Amino acid sequence: MPSSIESETFAADHVCQSNFQGSALKMEAVGVTRIFQRSIVKGGLKYAHYYGDGDSKGFISVKDTYGKDSVTKYECIGHVQKRVGARLRKLKSKNKNLSGKGKLTDSFIDGLQNYYGIAVRSNVGNLSGLQQNVIAALFQSSSSVEKPMHGQCPIGKDSWCD
């Protein structure tokens, strides 16, 4: 971390290039729109893909930049996986009858979220494999010593079972 003298020197010499006035929420959308529009003028290129998180306002602002639905959105699996857990936790908090021992616990949600991420990452481009593994994730997370539910789990080196 810079010392206070270094910080003061930096602040005294810094000329801020701030070019946006507005909320941080709007800044992402405005910034990405400028970048996409500038790509045509400066480089003669068009972006075909947008990588962002699920609640990004940036994609909405650029999806039609070069014509209707000309930009495709991709999401990081980490964001999707995180939302699975967040939505299940929200569901549990809104519906108290879902929480408690033997029901939707944080430990269960963590496990399901983990197996869901594994299922998606190991089945890129394979829809039927993804569907099978997402179902397997639910069974694997629900399994116990008393009631094993491993019939859907992947087999071989990719097995989730011990």
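Ordered by the count of other Cβ atoms within 10 Å of each Cβ, fewest first, TYR51, TYR116, TYR74 give TYR74, TYR51, TYR116.
Excluding same-chain neighbours fewer than eight residues apart, the lysines reachable from LYS101 by a Cα-Cα span under 29 Å are LYS82, LYS90, LYS92, LYS147. Our estimate of slack between ASP53 and PHE139, defined as 0.36 nm per intervening residue step minus the Cα-Cα distance, is 28.2 nm.
Sorted from fewest to most neighbouring beta carbons within 10 Å, what does the list VAL120, VAL80 look like? List each step's numbers first, then the result.
Values: VAL120 18, VAL80 14.
So the residues, fewest neighbours to most, are VAL80, VAL120.
Membrane-span-like helices in the chain, defined purely by DSSP H runs whose alpha carbon atoms cover 20 Å or more axially and whose average Kyte-Doolittle hydropathy reaches 0.0, are 24-43, 127-142. Note on LYS46: lysines with a C-alpha under 17 Å away, same-chain residues under 8 apart excluded, are LYS63, LYS68, LYS73.
At a threshold of 8 angstrom on Cα-Cα distance, excluding pairs fewer than six apart, so keeping six or more, what relative contact order does the chain reach in percent?
Numbers: 144 pairs, mean separation 19.5, N = 162.
With pairs under 8 Å counted, the relative contact order is 12 percent.
Estimated from helices alone, the mean residue ellipticity of the chain at 222 nm is -17000 deg cm²/dmol (sum of -39500 (n - 2.57) over DSSP H runs with n ≥ 4, per residue). Pairs of Cα atoms nearer than 8 Å and 6+ residues apart set the relative contact order; for the range 39-128 it is 22 percent.
Only four residue types carry charge here, +1 at the Cβ of Lys and Arg and -1 at the Cβ of Asp and Glu. Report the dipole size of the range 1-127 about the Cα centre in Debye, rounded to the nearest 20.
Working: 20 positive and 11 negative charges, 185 e Å.
Charge dipole of the range 1-127: 880 debye, to the nearest 20.
Since only LEU98, LEU127, ILE77 are under comparison, the one whose Cα sits farthest along the positive direction of the charge dipole of the chain, derived from C-beta charges on Lys, Arg, Asp and Glu, is LEU98.
The numbers here are math on the coordinates, done by the rules we state, and not lab data. Since the structure is predicted, the reported quantities are computational estimates derived from the model, not experimental observations. Cβ: placed from backbone, ideal geometry, glycine included. Neighbour counts: every protein chain shown.
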